[in-house]
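Worksheet for the structure shown next.
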Amino acid sequence: MKPKIGFFDFTSCEGCQLEVLNFEGELVELLKLVDIVNFREAMTEKSDDYDIAFIDGAITTEAGISRIKKIRKQAAVLIAMGTCACLGGINCLKNFRTMEENLKIVYGDAAHYYDTIPARPVDAVVPVDYYLPGCPMNKDEFITLVKALLLNKKARLPNYPVCVECKLAGNVCVFEKGETCLGPVTRAGCKAICVTSGRHCWGCRGLVNDPNIDSEKEILQKHGLTTADILERFRHFNGYLEVSK
Ligand code: SF4
Ligand code: SF4
Ligand code: SF4
């Protein structure tokens, strides 16, 4: 019997689901080993009989809380896919305003029709078995995790910072160019793609376990960032950590 997989979207840009469809060759191979029974972005048919649930998006409504609890009840394995699901991600920017203000800004006079609550990651509502962080999540980690699940093995995320992969890629550190970066406290796994592409790390994969935040703040300040700038930088993807403390 092939395991049955469902993909479910909550509040997000749905880019992580789109990323699965972009896997093309790997997806064809995957379909030989699993049955995808629920994937709104890709197919019309849908079934509530699934073993593995991939969740794309943060939980930002009361209706979302009920729905994710229902999915958790059905799925033997539940995976948070992408930064929105793993960390709350950019959705948590709204947590720094009142929900009333948010509704008014987005829906104006129609605000009273809508349900909104502070954004939160999936594991703030139900237990999560595995995480695929990144905005969007990373193909290699997705394939490694699916293979591990099929072989009944565990998959682990790297617990070292992006700087390690950045150095392995041969990049010149952006701090040496007078710029700033969250690489020293951010979980690796993306091969430092942003720095390699000429930018800096915004922390989309979340923090390593036990990050040295004080040291990161100190170096950001030394390179000209104010406390407000630093908060803004961390809040971009990791705002939930701050409000949930
Ligand atoms: S993690 Fe990024 S790419 Fe994925 S759904 Fe959220 S915003 Fe979109
Ligand atoms: S550019 Fe960023 S990720 Fe790369 S070594 Fe410097 S601080 Fe680390
Ligand atoms: S370099 Fe940083 S922001 Fe870019 S993908 Fe990696 S973790 Fe995300």
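The values are calculated or read from the model by the stated rules, or taken from the named source; none is laboratory data. Quick caveat: nothing in here was measured; it's all calculated off a predicted structure. Don't worry about glycine lacking a Cβ; one is built from the backbone with ideal geometry, like all the others, and counts go over all protein chains shown.
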Checklist outcome for this item: Scanning region 173-187 for residues that are within 24 Å of the chain's Cα centre (by Cα) and either part of a helix (DSSP H, G or I) or among the aliphatic types (A, V, I, L, M) (or both) gives 182, 183, 184, 185
Next on the checklist: I'd like to know if region 162-172 contains one or more residues that are within 16 Å of ligand 1 (Cβ to nearest atom) and either within 20 Å of the chain's Cα centre (by Cα) or in a strand (DSSP E or B) (or both).
Outcome noted: no
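Would you pick out the residues in region 24-47 that are closer than 27 Å to residue 119 by Cβ, more than 16 Å from ligand 1 (Cβ to nearest atom) and either of a type in the set (Ser, Thr, Tyr) or modelled with pLDDT of 95 or more (or both)?
To start, the set of residues in region 24-47 that are closer than 27 Å to residue 119 by Cβ comprises 38-42, 46.
Restricting the remaining residues to those that are more than 16 Å from ligand 1 (Cβ to nearest atom) gives 38, 46.
Selection gives 38 alone.
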Checklist entry - within 15 Å of the chain's Cα centre (by Cα) and either assigned by TED's automatic domain parsing to the domain that holds residue 84 or away from ligand 1 (no atom under 16 Å from the Cβ) (or both) - does that describe any residue in region 208-227? => result yes
Checklist entry - Mind checking which residues of region 172-192 are surrounded by 17 or more Cβ atoms within 10 Å (Cβ to Cβ) and near ligand 3 (Cβ under 10 Å from one of its atoms)? => result 181, 182, 183, 186, 187, 188, 189, 190, 192
Checklist entry - Is it the case that region 10-19 has a residue that's crowded, with 18+ Cβ neighbours inside 10 Å and in a strand (DSSP E or B)? => result yes
Checklist entry - Out of (1) within 16 Å of ligand 2 (Cβ to nearest atom); (2) surrounded by fewer than 21 Cβ atoms within 10 Å (Cβ to Cβ), the odd one out for residue 143 is which? => result (1)
Next on the checklist: Suppose we filter region 208-231 for residues that are buried (at least 21 other Cβ atoms within 10 Å of the Cβ) and in contact with a Leu (Cβ under 8 Å, 6 or more places away or on another chain); how many remain?
Outcome noted: 1
Checklist entry - Residues that are of a type in the set (D, E, K, R): which helices (runs of 4 or more DSSP H) entirely in region 60-109 hold 2 or more of them? => result 62-74, 99-107
Checklist entry - On the given criteria, is residue 154 free of Cβ contacts under 8 Å to residues at least 24 places away in the same chain, assigned to a loop (DSSP other than H, G, I, E, B) and more than 15 Å from the chain's Cα centre (by Cα)? => result yes
Checklist entry - Among the residues of region 55-68, is there at least one that is of a type in the set (D, E, K, R) and closer than 11 Å to residue 10 by Cβ? => result yes
Checklist outcome for this item: Of the listed residues (151, 132, 168, 207), the one being in contact with a Lys or Arg (Cβ under 7 Å, 6 or more places away or on another chain) and either within 22 Å of residue 83 (Cα to Cα) or not basic (Lys, Arg) (or both) is 207
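Of 139, 147, which residue is among the basic types (Lys, Arg) and either touching a residue at least 24 places away in the same chain (Cβ under 8 Å) or farther than 27 Å from residue 78 by Cα (or both)?
Going through 139, 147 in turn, just one is among the basic types (Lys, Arg) and either touching a residue at least 24 places away in the same chain (Cβ under 8 Å) or farther than 27 Å from residue 78 by Cα (or both): 139.
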Checklist entry - For residue 78, are the conditions met, namely being away from ligand 3 (no atom under 16 Å from the Cβ), over 23 Å from residue 241 (Cβ atoms) and of a type outside the set (Ser, Thr, Tyr)? => result no
